[in-house]
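Quick notes on the structure that follows.
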Amino acid sequence: MLPDKLWPIFTTANLCSLAGSFHVDYSEVSNIPTLLQGGYATGLLLLTPLGDLVPRRPLLLSLSFIAAGLTIGLSITKSLVAFEVLSFLVGVFSVSGQILLPFAADLAPPERRATAISIVISGLLLGVLIARVFSGIIAEFATWRVVYYLAIGMQYLVLFLLWVMLPDYPAKNVGLSYFDILRSMAKLAFTEPELIQASLITVASSACFTTFWVTLTFLLGGPLYNFSTLAIGLFGLIGIGGVCMAPIVGRVIDRVIPWYATLFSTLMLLATLAIYTGAAGENVAAVVIVTIGIDVFRQMQQTSLTAAVLAIDESARSRINAVIILAFFIGTVMGTPVGSRVFLEHGWRAAGGLMLAWVGWQLAMLFLRGPHVGRYTWVGWSGGMEWRKDVVKARKERWHQQDENGTTEDAEEVNVEQDGKLDERKSEDVTKAKDPSSVV
């Protein structure tokens, strides 16, 4: 759901225009992105768990319709207070993508699930990157209201596509109430080791991703390169090429144990950010390489983590995904101010060092639990080191078959033993009948 990610970036890029249009100081409009993000977090917490309770098709259509209607209000209002209230509400109802992601996991066959998840995640990342491109262009040539006219058209286009393409799918967890769903989501967030591990990795990974894209504007627009606002915006097109590799990324993850896909992508992020730390301020080619690498491998990491945690409980996928996305949101909120401050006070190498430290945290969290440990194992390694999913699946099926055969053989031995004892009793009865003196 590409429009879900447009709002904070569009609005941040046009804050100066908003201040002029509403005849207020910049400080009075600077809290609008925070309201958008706060609304989005509220929607993640309160609305996305509904995907585990009600049919997804009407839920997605309703959310998209409400978000599109609220966007009309944003485009025409002349009151700053109304704009702020509407911005918060738009954030609340712009969570369709986070309901669609576990829905795609439900619809896809197990052998193609990571591919489906990767495609949805690529749509979310495309929203971020396209917003950066558009924000640079619009800030150069048009007013802020054009942003929302464009968004209205996109929202209604998405609504039409959802109406045409979304299948009907029965509701899950029919016997639970809304508050039961919320309580169980809190329980999942504190009792599932794999979900907690993935969330801790996601927080650092999101902070790293956000730091790169926020400070990229400072790097390219500063004295090292002196790029224009338009050129910086168009720089997002480089990242779009990397995100479009989603089908390939998904197919790779479908063939391996997700833990190993996470390990590979995290190591590649480490190598990519090492290039940034060493040469981002020396040659723009290094920045191009890092832009492609961070988009491709961040997407691979998020897809593998999501595929792993959504397999924990099929009936709780919307709640599990909400926990992961809240972790992503926390990382975004953390990465923006911390990364900006480090870059502005200490330069691009220090920002690169900060991102490398966050990747180091991700590796530490990953190695706490091995690829084949039990569901409720918090720390440890067991089950070998096999990385091919089909080999592990065949091995489990063989063990299961051996267990069944062993159970059958044990049952046959018990039956033979019982039959032998019965024959002995019959023989004793016959002997007693022939020898009356043996009966007392």
Members of the stretch 214-231 found to be in a helix (DSSP H, G or I) and either buried (at least 21 other Cβ atoms within 10 Å of the Cβ) or free of Cβ contacts under 8 Å to residues at least 24 places away in the same chain (or both), listed by number:
Thr215, Leu216, Thr217, Leu219, Gly221
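Table: residues versus (1) in contact with a Leu (Cβ under 8 Å, 6 or more places away or on another chain); (2) under 23 Å from Arg317 (Cβ atoms); (3) in a helix (DSSP H, G or I).
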position: Leu125; (1), (2), (3): no, yes, yes
position: Leu159; (1), (2), (3): yes, no, yes
position: Gly175; (1), (2), (3): no, yes, no
position: Phe179; (1), (2), (3): no, yes, yes
position: Ala186; (1), (2), (3): no, yes, yes
position: Leu195; (1), (2), (3): yes, yes, yes
position: Thr202; (1), (2), (3): yes, yes, yes
Can you name the residue in the stretch 145-164 that is among the β-branched types (Val, Ile, Thr) and either over 16 Å from Gly127 (Cα atoms) or in contact with a Lys or Arg (Cβ under 7 Å, 6 or more places away or on another chain) (or both) and is also modelled with the highest pLDDT among such residues?
Val164
Pick out the one residue from Pro167, Pro258, Pro223 that is under 19 Å from the mean Cα position of the chain (by Cα) and not aromatic (Phe, Trp, Tyr).
Pro258
Selection within the stretch 297-336 - among the β-branched types (Val, Ile, Thr), under 26 Å from Gly39 (Cβ atoms) and in contact with an Asp or Glu (Cβ under 9 Å, 6 or more places away or on another chain)
Val309, Ile320, Val323
Looking only at the stretch 107-144, and only at residues there that are buried (at least 17 other Cβ atoms within 10 Å of the Cβ) and farther than 26 Å from Ile294 by Cα, the one that is modelled with the lowest pLDDT:
Trp144
Single residue of Gly360, Gly281 found to be out of contact with any Ser or Thr (no Cβ under 9 Å at 6 or more places or on another chain), under 23 Å from Leu267 (Cα atoms) and not in a helix (DSSP H, G or I)
Gly281
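The values are calculated or read from the model by the stated rules, or taken from the named source; none is laboratory data. Bear in mind the structure is a predicted one, so any value in this text is a computation, not a measurement. Cβ atoms come from the backbone with ideal geometry, glycine included; neighbour counts cover every protein chain shown.
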